[in-house]
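For reference, the structure discussed in these notes is given below.
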Amino acid sequence: MNQNYILVIEGKPQGPFSIEELKNRKLKPGDFVKTPEMDDYKEAQEIAELRALFGFAKPPMLMQYYGSFDQRLLASVLDWFMLFAVFVIIAFVVVLLFIQDKETRIMVSFGILGVIPLAKIIYHIVMESSVKQATYGKQMLKIKVVDMNGDRISTGKAISRNLLKLLSALPFCLGYVIAFFNKKQQCLHDMLANTLVIKERLF
């Protein structure tokens with residue numbers, strides 16, 4: 001369905017304009033536009049609907065779009081913190097309300113906390129293949145996971161990417177260190193899964 005777009009004209013947002021009005025204004029590939037649902041402005045050539053309607057070519061991925069290692073690390077720390085907090089609360093509630101025996105409480109608590117790594121993998125798969133293309137940690141840092149064309153990844157690719165993180169972690173996290181030595185800042189699991197971590201351009 002065609003959207004109405006706000007168009008930046010001489011540095012000032014104007015509109016919204018319909019597709020027909022954008023055609024009359026001879027919309028260019030590099031013009032900045034956004035819909036009310038979009039968080040930020042993008043070039044017209046970056047939006048699939050406008051590419052299809054105006055015949056714009058898809059722009060190549062630019063280096064400044066790649067998420068840096070420190071952004072990815074901080075996002076991972078945030079995700080670990082959030083998941084750990086959720087499971088601690090779950091363990092506390094379950095143990096407090098349903099279990100009376102002290103030894104059983106300890107075993108159940110450690111059992112619940114022990115599934116956090118598996119839960120984190122599932123969490124990454126679901127979130128990275130979702131419309132948001134990112135975990136909550138990545139969303140806070142305004143980065144997301146895409147394929148080599150900059151598009152949303154499938155669930156299958158998200159599964160392979162996250163399972164391949166085991167290779168990046170061993171030995172001594174060398175697969176993560178690789179990100180410092182390639183222009184696209186890909187870790188080993190990104191290279192093997194043909195994925196990128198990119199950041200949104202800010203207007």
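The values are calculated or read from the model by the stated rules, or taken from the named source; none is laboratory data. Here the structure is a predicted model, which is why all the values come from computation and not from measurement. Positions of Cβ are generated from backbone atoms using ideal geometry, with glycine treated the same way; all protein chains shown enter the neighbour counts.
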Give the residues of segment 100-125 that are more than 14 Å from Phe87 (Cα to Cα) and touching a helix residue (DSSP H, G or I) at 6+ places or on another chain (Cβ under 8 Å), sorted by residue number.
Arg105, Ile121, His124, Ile125
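Suppose the filter is on the phi < 0 side of the Ramachandran plot and touching a strand residue (DSSP E or B) at 6+ places or on another chain (Cβ under 7 Å); does Thr135 pass it? Break it down into steps so the answer makes sense when it comes.
Values: on the phi < 0 side of the Ramachandran plot: yes; touching a strand residue (DSSP E or B) at 6+ places or on another chain (Cβ under 7 Å): no.
No; evaluated as a whole, the condition is false for this residue.
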Hey, Val95 hits all of (1) in contact with a Ser or Thr (Cβ under 8 Å, 6 or more places away or on another chain); (2) assigned by TED's automatic domain parsing to the domain that holds Ala75 but one; which does it fall short on?
(2)
Check off (1) touching a residue at least 40 places away in the same chain (Cβ under 8 Å); (2) closer than 24 Å to Asp40 by Cβ for Asn162 and give me the number that stays unchecked.
(2)
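Here is a check on your reading of the model: is Lys138 touching a residue at least 60 places away in the same chain (Cβ under 8 Å) and closer than 18 Å to Arg72 by Cβ?
Values: touching a residue at least 60 places away in the same chain (Cβ under 8 Å): yes; closer than 18 Å to Arg72 by Cβ: yes.
Taking the combined requirement at face value, the residue satisfies it.
Within segment 176-203, can you find the residues that are of a type in the set (Gly, Ala, Ser) and modelled with pLDDT of 95 or more? Explain how you work it out, then say what you get.
Just the residues of segment 176-203 that are of a type in the set (Gly, Ala, Ser), to begin with: 179, 193.
Scanning segment 176-203 gives a single hit, Ala193.
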Could you tell me whether Ala75 is without any contact (Cβ under 8 Å) to a residue 24 or more places away in the chain and either in contact with a Gly (Cβ under 9 Å, 6 or more places away or on another chain) or among the aromatic types (Phe, Trp, Tyr) (or both)?
no
